[in-house]
1. Cβ-Cβ below 6 Å, separation at least six or inter-chain, first residue in segment 137-150 and among the aliphatic types (A, V, I, L, M), second at pLDDT below 75 and buried (at least 18 other Cβ atoms within 10 Å of the Cβ): which pairs?
2. Say whether the condition of being under 13 Å from the mean Cα position of the chain (by Cα) and either farther than 17 Å from GLU25 by Cα or modelled with pLDDT of 90 or more (or both) is met by at least one residue in segment 59-80.
3. I'd like the residue in segment 134-149 that is surrounded by 18 or more Cβ atoms within 10 Å (Cβ to Cβ) and closer than 12 Å to LEU61 by Cβ and, out of all such residues, is modelled with the lowest pLDDT.
4. LEU131 versus (1) crowded, with 19+ Cβ neighbours inside 10 Å; (2) at pLDDT 80 or above; (3) under 20 Å from PHE16 (Cα atoms): which is the lone unmet condition?
Amino acid sequence: MKMIQSGLLSILLLGFTLGIKHATEPDHVIAVSTIASQTKRLSRSSLAGIFWGLGHTAILLLIGIIVISFGQHISGSIALSLELIVGMMLVYLGLSGFKSDKAINVVAIKHFHKKSFLIGGIHGLAGSAALVIMTTAQAQNSREAFLFMLIFGVGTIFGMLLFTTILGLPFLLSLRQKKLSINITRVASIISIVYGVYYMIEVGRNFFI
């Protein structure tokens, strides 16, 4: 019994650690940085990370449970198609960042939590195939699989909360200098566009491998 509990604890600890690491992937950090750049409060940057993590976790759990329960798998073509959507989203977020100059003067960005949740959900769709593979490799049964995915999600939420808080600091500190604040926002937007294009090119190359 103790060996079983120890094994389960190890799996959950691994899931939490991998969840935190997952939050630091470049496409995730770049996506939430575009949101953080449009907020005027550090608390809003932190909340953006939380809502991103919630959306990401909700979709991962939903897709993961359905796929594992029916003993199915997500095909490579579908997985790549979902990854392509992530690249398109990064470009969109970057372009929208250039329209947010006016938002610098707005006290509160409306519906930012819904946007963060949606972005997290899209990333969750794209990452569902990899999570299912990872879960089946670690878990011995459906109960362990569910717990692994859940704790993975908790780790992701925690990691994204931490990193969006850190990312929000330079944007917050630059608010007193409007020009600097706008320039930082534009840099974040350019990075998002460039990485989004690069991401789509890489996904496109994988379609033909």
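The values are calculated or read from the model by the stated rules, or taken from the named source; none is laboratory data. Small disclaimer: the values here were computed from a predicted structure and weren't measured. Backbone-built Cβ (ideal geometry, glycine too); neighbour counts: all protein chains shown.
1. Taking only residues 6 or more apart or on different chains, the pairs are ALA145/ALA139.
2. Start the filter on segment 59-80 by keeping residues that are under 13 Å from the mean Cα position of the chain (by Cα), which leaves 59-60.
Filter once more, so that each one left must be either farther than 17 Å from GLU25 by Cα or modelled with pLDDT of 90 or more (or both): 59.
Checking segment 59-80: at least one residue is under 13 Å from the mean Cα position of the chain (by Cα) and either farther than 17 Å from GLU25 by Cα or modelled with pLDDT of 90 or more (or both).
3. Taking the candidates together, the pick is THR135.
4. (2)
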